[in-house]
Amino acid sequence: MLSLLRASRLAHSYQLQAGKRGLASASAGPGFVNAVGNTPLIYLKTLSEQTGCHILGKAEFQNPGGSVKDRAAIGIIQDAEEKGLIQPGGTVVEGTAGNTGIGLAHVCRSKGYKCVIFMPNTQSQEKIDLLRMLGAEVHPVPANYNHQAREYAATLPNTIWTDQFDNTANMGAHYLTTGPEIWEQTQGKVDAFVCATGTGGTLAGVGKYLKEKSGGKVQVWLADPPGSVLHAYLSSGGKLVERKGSSITEGIGQGRVTDNLATFINDVDGSLTISDEKSIVMLYQLLDTEGLYLGASTALNVVAAVEVAQKLGKGSTIVTALCDGAYRYQSRLFSKQWLRSKELYDVIPDHLKKYAVLD
Ligand SMILES: Cc1ncc(COP(=O)(O)O)c(C=O)c1O
Ligand SMILES: CC(=O)OC[C@H](N)C(=O)O
């Protein structure tokens, strides 16, 4: 078991570095774009003590647009600008579960572009409302949101479809920023990185950087929610099965190997599937023991980090992504009625049920 003194020294060192980096970035330049990145690496104390490992979460919810997708949004838009694909006053169109759209809507406001979003009509109302408050035109649609975005973009002049799933400027943003930040904040003392994938940009970009920097030593694991096919794909040596089932997590889960993920999939060391039951309990536990109010994809990532820690053994350091806050989903995740409709209320331990304050 990690001694308390050692744990607190470690925590201090991570926060110190994060603090220095935060200050540096705050003075780096004006506007939304310059405020993205350089997020703290949070030492998750209780889980680290329980496992005898160092479980660290990259605080992507602290980006100014509130999620890990701010980085991809900037990377993709800057790439399009450099390639001359969009001119001042142009329009940005994307198919998204919400967070990429929110990142893009911020970037569009800061650069004077119009933003049009197609998203599945299954996503939380909070994300739809936020997109509209950020000035985006939002189309919640029953199916094929990404194709609809592509087709709509093709009808307008000076318009780009940002194509987050297959545009590798997405993983490039994580290769250039998130990966190096994690390496620097851990001073290269990282044994594994694990996270779930939507587009696969975070996993591929961070994974590629950490593998290169460590000469292949850092293990990279993929975590899948129910209804995603990538765990089956990886554990069967590359067979794509049909999508079945669903998850309470939003923004993650895939039915195919996207071009972003394809840049790295052959280097993934292992994969896990994490049930919604485990994710919801972890979501409440993170709130109760760490004081962190985080979304369900993050809870899943942290469960996966604990499982990878147990596989690697005591003393190992595992990093994952804390993708966004629970604010975006609170009418669902803290509602007794909604949790019951998903058969998840009863799995929450009695001492944590007090957090489910909405009816
Ligand atoms: C809440 C949340 N978690 C995780 C992800 C997955 O990130 P990526 O698209 O880099 O795989 C997303 C995508 O936006 C998301 O919204
Ligand atoms: C469901 C999914 O893959 O979403 C992609 C990305 N995470 C987004 O929020 O747009």
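The values are calculated or read from the model by the stated rules, or taken from the named source; none is laboratory data. Remember, it's a predicted structure, so these values are computed and weren't measured experimentally. Here the Cβ is made from the backbone with ideal geometry for all residues, glycine too, and neighbour counts use every protein chain on show. Heads up: the accessible areas ignore ligands, DNA and RNA and are worked out on the full protein's heavy atoms, side chains in. Shrake-Rupley method; radii C 1.70, N 1.55, O 1.52, S 1.80 Å.
Let's test this: bin the Cα-Cα distances of segment 33-165 at 10 Å from zero up to the farthest pair and state each bin's percent.
Per 10 Å bin, starting at 0, the Cα pair percentages come out as 13, 40, 28, 13, 6, 1.
With no solvent and one equal point scatterer placed on each C-alpha of the chain, evaluate the Debye formula and give log10 I(q)/I(0) for q = 0.13 Å⁻¹, two decimals.
Reported log10 I(q)/I(0), two decimals: -1.01.
For segment 197-248, go through all pairs of different Cα atoms, get the mean of 1/r, take its inverse, and jot down that Kirkwood value in Å.
When all Cα pairs of segment 197-248 are included, the Kirkwood radius is 12.4 Å.
Which Rg and Dmax, in Å, describe the Cα atoms of segment 163-296?
So, for segment 163-296, Rg and Dmax equal 15.0, 41 Å respectively.
Which value results when the Cα radius of gyration for segment 150-201 is divided by 2.2 N^0.38 Å?
Taking the Cα Rg and dividing by 2.2 N^0.38 Å, one obtains 1.61.
What is the calculated FRET efficiency for residue 342 to residue 239, with r their C-beta to C-beta distance and R₀ = 25 Å, to the nearest 0.05?
0.30
About the Cα centre of the chain, how large is the charge dipole given +1 on each Lys and Arg Cβ and -1 on each Asp and Glu Cβ? Please answer in debye to the nearest 20.
Here the chain has a charge dipole of around 540 debye.
Heavy atoms only, probe 1.4 Å: what % of the accessible area of segment 62-174 goes to carbon and sulfur, would you let me know?
Here it works out to 51 percent.
Once the piece of chain linking residue 154 and residue 289 is laid out straight, how much longer is it, given 0.36 nm per residue of separation minus the C-alpha distance between them?
Result for the pair: 43.7 nm of gain on full extension.
Taking 25 Å as R0, compute the FRET efficiency from the Cβ-Cβ separation of residue 353 and residue 122 and round it to 0.05.
The calculated FRET efficiency here is 0.45.
Restricting to Cα pairs below 8 Å that are 6+ residues apart, what does the relative contact order work out to for segment 232-359? Please round to a whole percent.
Computed over segment 232-359, the figure is 21 percent.
Suppose all protein chains stay in the model; what accessible area per residue would a 1.4 Å probe give for the chain, in Å²?
41
What value does segment 54-127 have for Rg/Rh, both radii from Cα atoms and Rh as Kirkwood defines it? Let's see the in-between values first.
Values: Rg = 13.5 Å, Rh = 13.1 Å.
Radius of gyration over Kirkwood radius for segment 54-127 works out to 1.03.
Roughly to the nearest percent, how much of the accessible area of segment 244-331 is carbon and sulfur, given a 1.4 Å probe?
So the carbon and sulfur contribution to the accessible surface is 44 percent.
With a point put 7 Å past each Cα toward its Cβ, work out how far residue 49 is from residue 331 in nm, to one decimal.
Reported label-point gap for residue 49 and residue 331 is 3.8 nm.
Would you please calculate the Kirkwood hydrodynamic radius of segment 299-344 over all C-alpha pairs and express it in Å, rounded to one decimal?
Hydrodynamic radius (Kirkwood, Cα only) of segment 299-344 equals 12.7 Å.
Spin-label point model (7 Å from Cα, Cβ direction): what's the residue 311 to residue 275 distance in nm?
1.9
Given labels modelled 7 Å from the Cα in the Cβ direction, how far is it in nm from residue 34 to residue 78?
1.3
Given only helices, namely DSSP H runs of n ≥ 4 each adding -39500 (n - 2.57), what is the per-residue ellipticity at 222 nm of the chain, to the nearest 500 deg cm²/dmol? Kindly include the intermediate steps, with their values, before the conclusion.
On the way: 16 runs with 153 residues, N = 359.
Dividing the helical sum by the residues of the chain leaves -12500 deg cm²/dmol.
Once Rh is set to the Kirkwood radius over Cα pairs, what Stokes-Einstein translational diffusion coefficient, in µm²/s, holds for segment 209-359 at a temperature of 10 °C and a viscosity of 1.306 mPa s?
Calculated translational D: 96 µm²/s.
How much FRET efficiency would the formula 1/(1 + (r/R0)^6) give for residue 166 and residue 133, where r is the Cβ-Cβ distance and R0 is 25 Å, rounded to 0.05?
In this case the efficiency is close to 0.30.
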